[in-house]
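Colleague: Handing you a structure now.
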Amino acid sequence: MKQPKKRRFQLSERQLGYAMVAPSIILIAVIIIWPIMLSAWNSLFDYRLNDPAKAERISSLSINLETYADNRYLVYDTMDEVRDAMPDAGGALDDITTALDEQHETLLNTDEGLAGRYEEVNTMLENFQPVNDEELRLADVPEEWADGFANTLDEQTAAVQALRDGAPEEAVQPLTDLESQLSNTQGSILEPNFVGLKNYTTYLGDGRTWTAMLNTLLFTVVTVGVELAVGLAVALLINRVFIGRGLVRAAVLVPWAIPTAVAAMMWTFLFDGQSGIMAHYMAQFGLIDDPGALLSTGAGGMFSIMFADIWKTTPYMALLLLAGLQTIPRSLYEAAEVDGANKFQQFISITLPMIRSAILVAVLFRALDAFRVFDLIYVLTGGGPANSTESISVYAYKLLFEQQNFGAGSALSVIVFLSVALLSTIFIKLIGSDLFSGRLKQ
């Protein structure tokens, strides 16, 4: 008898669906969810790259073994130089050495594996290798030892200062270096910089944060509203049949195709008070009092970034609306004409209801994009003058990268994310609920 063929392995319909969306889910997790989670974690610390004492996320009192071992070597090496230049100071230097050795032995005995970790770090430094492993570099220490170590270093620093008084000239510089190295050794003790929600409470109570938020909301409402109106007019125009329609459609999309940073730089030259063509003619026509007002005043700066964004992004809005217009059957307009409806009535009764979904999607996408505006403002005005055009994203960037305050900058980044999530939720609930519920019912 023939053996029955084994059934080949097959995925169920549900398993196949999960398998097909798995790459997208992984990509979203890596590119979107993980950075958000990391920002949320950073926001819980007073984390500053420009401050060596706060350049790590420290949850408990710790010692940086790399800094400690490096400065310990320098201290002993410099003391040898002082001995050579100042032989009479041998007794005082021996006392300093004994005090530091006692603290060092106490440190190594605070944890069973700390001596081995210290030796490994010291060996890496001798071989000029960076210590990149945070678990190897940082070690928790008892508060009693940290206090005693700090007091010992203060006492020995005072002893070095006493030696420097009346020291021969060749010993002054080594003693100065020794004093500095003892101070740097004290910097190897890292205080906990976990602050919880303090960054959020601090910046939510900061007037500059709310000014940036209001600037962002004003920019979003005005630009999206104008882009919707102008974009709809452009979409209606290029949806008509006329000679050269393809060329006109291509020309309309040119501003949208230009990178935002390039467009912002171009408008910077056009709005310049001395050589800008736009600023010159706007002053000639009496629209502004002074050509320099566009980039040197708060109102002028806000108008400039809005105008540049409307010029660039209106084609995107028109493209989305054009897609909706092309789904409307021509027979509806013909029937309306037979019933005696004029163009305006056709627009109100047919066009707007039929492209409602396209309008909702276009406004939602543009509102979320406008709320996160960064590159246009950063290049065109830099948030000035006097932070009058600063958006919340620009403010977060300045804290993160210009001031290197990763804790506060991450808190603002999380606030931006939550604001965008809240904005999209409110938009869908209040404006798009009928649309989405209707589709679900079908």
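Colleague: Given points 7 Å out from each Cα along the Cα-Cβ axis, report the LEU287 to GLU191 separation in nanometres with one decimal.
Modeller: Going from the LEU287 label point to the GLU191 one covers 5.5 nm.
Colleague: With a/c under 1.5 counting as rounded, go ahead and sort region 260-409 into rounded, prolate or oblate using the C-alpha gyration tensor (a ≥ b ≥ c being the square roots of the eigenvalues; past the cut-off, prolate if a/b is larger than b/c, else oblate).
Modeller: On the way: a/c = 3.60, a/b = 1.78, b/c = 2.03.
Cα axes put region 260-409 in the oblate bin.
Colleague: Follow-up. Just to be sure I understand: with springs between alpha-carbon atoms less than 10 Å apart, which residue in LYS343, LYS198, LYS54 has the highest mean-square fluctuation in the Gaussian network model of the chain?
Modeller: Between LYS343, LYS198, LYS54, it is LYS343 that shows the largest mean-square fluctuation.
Colleague: Applying a 10 Å radius around every beta-carbon, put 121-130, 139-148 in order of their mean neighbour count, most first. It would help to have the intermediate numbers written out before the result.
Modeller: Numbers: 121-130: 12.8, 139-148: 14.8.
Highest to lowest by the protection proxy: 139-148, 121-130.
Colleague: Let me ask something else about it. Identify all aspartates and glutamates with a Cα-Cα distance to LYS429 below 20 Å; exclude those on the same chain that are fewer than 8 residues away in sequence.
Modeller: Reachable aspartates and glutamates: ASP369.
Colleague: Which angle between 0 and 90 degrees, to the nearest 10, do you get for helix 260-270 versus the longest principal axis of the chain when only C-alpha atoms count?
Modeller: 80
Colleague: Distance between the C-alpha centers of region 363-422 and region 287-319? Whole Å please.
Modeller: Cα centres, region 363-422 to region 287-319: 18 Å.
Colleague: Per residue of region 411-428, what does 6.51 cos²θ - 1.76 cosθ + 1.60 with θ = phi - 60° give for ³J(HN,Hα)? Whole Hz please, x for Gly and Pro, Karplus curve as stated.
Modeller: Running phi through 6.51 cos²θ - 1.76 cosθ + 1.60 with θ = phi - 60° gives 4, 5, 4, 5, 4, 4, 4, 5, 5, 5, 5, 5, 4, 5, 5, 4, 4, 5 Hz.
Colleague: In what sequence, highest mean first, do 107-113, 334-340 appear when ranked by Cβ atoms within 10 angstrom? Don't skip to the answer; put the middle values down first.
Modeller: On the way: 107-113: 13.6, 334-340: 10.9.
Answer by packing, highest mean first, reads 107-113, 334-340.
Colleague: Here is a further query. Could you pull the accessible area for SER275 with a 1.4 Å probe, rounded to 10 Å²?
Modeller: So the heavy atoms of SER275 present about 90 Å² to solvent.
Colleague: Tell me the chymotrypsin sites (Phe, Trp or Tyr not before Pro) within region 7-88 that lie in a loop according to DSSP and have at most 16 other beta-carbon atoms within 10 Å.
Modeller: Numbers: sites: PHE9, TYR18, TRP41, PHE45, TYR47, TYR68, TYR73, TYR76; in loops: PHE9, TYR47.
Here the chymotrypsin sites (Phe, Trp or Tyr not before Pro) that fit, given the DSSP loop and packing criteria, are PHE9.
Colleague: Please work out the FRET efficiency for the pair THR327 and THR97, using the Cβ-Cβ distance as r and a Förster radius of 60 Å; give the result to the nearest 0.05. Kindly include the intermediate steps, with their values, before the conclusion.
Modeller: On the way: r = 85 Å, r/R0 = 1.42.
E between THR327 and THR97, to the nearest 0.05, is 0.10.
Colleague: Moving to a separate point now. Can you sort ILE305, ILE426 by 1.4 Å-probe accessible area, starting with the largest? Before the final figure, lay out the partial values.
Modeller: Details: ILE305 0, ILE426 80 Å².
Highest to lowest solvent-accessible surface, that is ILE426, ILE305.
Colleague: I've got another one for you. Residues of region 58-93 with backbone nitrogen within less than 17 Å of a virtual label 7 Å along the Cα-to-Cβ line of GLU169, please, listed as ranges.
Modeller: What the label zone holds, given the 17 Å backbone N cut-off, is 85-86.
Colleague: Which of the three applies to region 18-168, rounded, prolate or oblate, going by the alpha-carbon gyration tensor with a ≥ b ≥ c and a/c under 1.5 meaning rounded?
Modeller: Details: a/c = 2.85, a/b = 2.70, b/c = 1.06.
It is prolate, given that a/c is not under 1.5 and a/b is the larger ratio.
Colleague: Okay, next question. Using modelled amide H (1.01 Å from N, peptide plane; none on Pro or chain starts), what sits under 5 Å from the amide H of THR381, excluding residues fewer than 5 places away?
Modeller: none
Colleague: Here's something else I'd like to know. Tell me the label-point distance for the pair SER24, VAL420, using the 7 Å Cα-to-Cβ offset, in nm and rounded to one decimal.
Modeller: So the label points at SER24 and VAL420 sit 1.8 nm apart.
Colleague: Given charges of +1 on the Cβ of Lys and Arg and -1 on the Cβ of Asp and Glu, with all other atoms neutral, how large is the dipole of the chain about its Cα centre, in debye to the nearest 20? Please report the intermediate quantities before stating the final value.
Modeller: On the way: 29 positive and 50 negative charges, 1211 e Å.
Using only the charged Cβ atoms, the result is roughly 5820 debye.
Colleague: Quick check: from the Cα gyration tensor, does region 189-268 come out rounded (a/c under 1.5), prolate or oblate?
Modeller: Working: a/c = 4.18, a/b = 2.72, b/c = 1.53.
Taking the square roots of the gyration eigenvalues as a ≥ b ≥ c, region 189-268 is prolate.
Colleague: On a 0 to 90° scale, report how tilted helix 169-186 is relative to the longest principal axis of the chain, with both axes built from alpha carbons and the result rounded to the nearest 10.
Modeller: 50
Colleague: Using +1 at the Cβ of each Lys and Arg and -1 at the Cβ of each Asp and Glu in region 124-256, identify which of LEU182, ASN199, ALA229 lies farthest towards the dipole's positive end.
Modeller: ALA229
Colleague: Specify the inter-centroid distance of region 18-49 and region 182-226, based on alpha-carbon positions, in whole Å.
Modeller: Centre-to-centre distance over Cα atoms comes out at 20 Å.
Colleague: What is the distance, in nm, between label points placed 7 Å from the Cα along the Cα-to-Cβ direction at ALA336 and at ALA53?
Modeller: 7.1
Colleague: On a 0 to 90° scale, report how tilted helix 143-164 is relative to the longest principal axis of the chain, with both axes built from alpha carbons and the result rounded to the nearest 10.
Modeller: That helix lies at roughly 60 degrees to the long axis.
Colleague: Where does the chain land at 222 nm, in deg cm²/dmol rounded to the nearest 500, when only DSSP H runs of n ≥ 4 count, each adding -39500 (n - 2.57), divided by all residues?
Modeller: Using -39500 (n - 2.57) per qualifying helix, the result is -21500 deg cm²/dmol.
Colleague: Set the Förster radius R0 to 51 Å, insert the Cβ-Cβ distance between LEU16 and ALA229 as r into 1/(1 + (r/R0)^6), and round the FRET efficiency to 0.05. Walk me through the numbers before you get to the answer.
Modeller: Working: r = 45 Å, r/R0 = 0.89.
FRET efficiency, LEU16 to ALA229: 0.65.
Colleague: Taking the highest mean first, how do the peptides 79-85, 297-303, 242-248, 283-289 order by number of other beta carbon atoms within 10 angstrom per residue? Write out the running numbers ahead of the final one.
Modeller: On the way: 79-85: 17.0, 297-303: 18.9, 242-248: 9.7, 283-289: 12.1.
The densest-packed peptide leads the list: 297-303, 79-85, 283-289, 242-248.
The values are calculated or read from the model by the stated rules, or taken from the named source; none is laboratory data. What you see is a predicted model, and the numbers here were worked out from it, not measured in a lab. Cβ atoms come from the backbone with ideal geometry, glycine included; neighbour counts cover every protein chain shown. Accessible surface is based on the protein model in full, side chains and every heavy atom, while ligands, DNA and RNA are left aside. Shrake-Rupley method; radii C 1.70, N 1.55, O 1.52, S 1.80 Å.
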